[in-house]
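Report on the structure given below.
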Amino acid sequence: MAVKVIIPTPLRPYAGKQDSAEVKAGTVGEALTNLTTQFGDLRKHLFTDDGKLRNFVNVYVNDEDIRYLARENTPTKDGDTISIVPSIAGGCNHFRHFEPSEKSF
């Protein structure tokens, strides 16, 4: 069964700059394994050294979070869409105090 895997912008450099890929898979785990077989550099960004999906990587099948389904064992069917959504953190490394003024409203 072919499924479409959406590759988020921060991971595209590791996936040949592609925004998606079609892979054959019966489960989410198979889809991600096949994806990382196709794009080896992507593996370290999705999986730990012992092969577990990284905690900060969220995966959805047709907008359903796999954490609330069967995780990597979640079945897929032909035409499903798998979305990889990495948690992104960041921001300003210092806080600049500002006083509200009439101009800021």
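General observations
- Selection from segment 36-83 of residues that are among the β-branched types (Val, Ile, Thr) and touching a helix residue (DSSP H, G or I) at 6+ places or on another chain (Cβ under 7 Å): 36, 57, 59, 61, 66, 74, 76, 82
- Residue list for segment 12-26, filter: closer than 24 Å to residue 75 by Cα and surrounded by fewer than 19 Cβ atoms within 10 Å (Cβ to Cβ): 19, 20, 22, 24, 26
- Residue match in segment 80-103 (condition: more than 12 Å from the chain's Cα centre (by Cα), in a loop (DSSP other than H, G, I, E, B), at pLDDT 95 or above and not small (Gly, Ala, Ser)): yes
- Residues of segment 28-54 satisfying the condition of being in a loop (DSSP other than H, G, I, E, B) and among the charged types (D, E, K, R): 49, 50, 52, 54
- Residue match in segment 6-28 (condition: modelled with pLDDT under 95 and charged (D, E, K, R)): no
- In segment 1-11, of all residues being within 22 Å of residue 76 (Cβ to Cβ) and under 11 Å from the mean Cα position of the chain (by Cα), the one that is surrounded by the most Cβ atoms within 10 Å (Cβ to Cβ) corresponds to 5.
- Residues that are touching a residue at least 24 places away in the same chain (Cβ under 8 Å) and not in a strand (DSSP E or B), drawn from segment 55-69: 56, 66
- Qualifying residue in segment 36-45 (condition: closer than 14 Å to residue 81 by Cβ and surrounded by 15 or more Cβ atoms within 10 Å (Cβ to Cβ)): no
The values are calculated or read from the model by the stated rules, or taken from the named source; none is laboratory data. Computed from a predicted model, the values in this text were never measured in an experiment. All Cβ positions, even for glycine, are placed from backbone atoms using ideal geometry, and neighbour counts span all protein chains on display.
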